[in-house]
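This report concerns only the one structure given below.
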Amino acid sequence: MCQEIGHDYGLDHQFTNSGSCMDYAGIDNPAYVSPNTHDYNQLASMYNHGHGTAAAASGPSTTAIVTGDTVTSVLWTD
């Protein structure tokens, strides 16, 4: 179950015997029921939001003018 949830969050198999539920080598080992430090570090790198210390990245923006249910203008700037 842990491995399937790990996949849902974007983790891949680890092809080592590291004691993680994401290990492909130990997939049938009942002792591997939780993620390990490597898994948590991968999740942190994918989903780290900076906790107020990092500035948001700049990028394209979209502006739309909406009147009622009608969009009259959309401006995409890069």
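Per-residue answers, yes or no, for (1) at pLDDT 80 or above; (2) β-branched (Val, Ile, Thr); (3) within 22 Å of the chain's Cα centre (by Cα):
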position	(1), (2), (3)
PRO35	yes, no, yes
ASP39	yes, no, yes
PRO60	no, no, yes
ALA64	no, no, no
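Search segment 10-23 for residues that are more than 12 Å from THR37 (Cβ to Cβ) and assigned to a loop (DSSP other than H, G, I, E, B) and pair each with any residue that is β-branched (Val, Ile, Thr) and modelled with pLDDT of 85 or more when their beta-carbon atoms are under 9 Å apart and the residues are at least 6 apart or on different chains.
Going by the 9 Å Cβ cut-off, the qualifying pairs are LEU11/ILE5; CYS21/ILE5.
Is segment 3-20 home to any residue that is more than 16 Å from the chain's Cα centre (by Cα), surrounded by 15 or more Cβ atoms within 10 Å (Cβ to Cβ) and of a type in the set (A, V, I, L, M, F, W, C)?
So the first thing to find is which residues in segment 3-20 are more than 16 Å from the chain's Cα centre (by Cα), and the list is 14-20.
Okay, now just the ones that are also surrounded by 15 or more Cβ atoms within 10 Å (Cβ to Cβ), so 14, 18-20.
If we keep only those that are of a type in the set (A, V, I, L, M, F, W, C) too, we end up with none.
For segment 3-20, residues more than 16 Å from the chain's Cα centre (by Cα), surrounded by 15 or more Cβ atoms within 10 Å (Cβ to Cβ) and of a type in the set (A, V, I, L, M, F, W, C): absent.
The values are calculated or read from the model by the stated rules, or taken from the named source; none is laboratory data. Nothing here was measured: the structure is a model prediction, and the numbers come from that model. Here the Cβ is made from the backbone with ideal geometry for all residues, glycine too, and neighbour counts use every protein chain on show.
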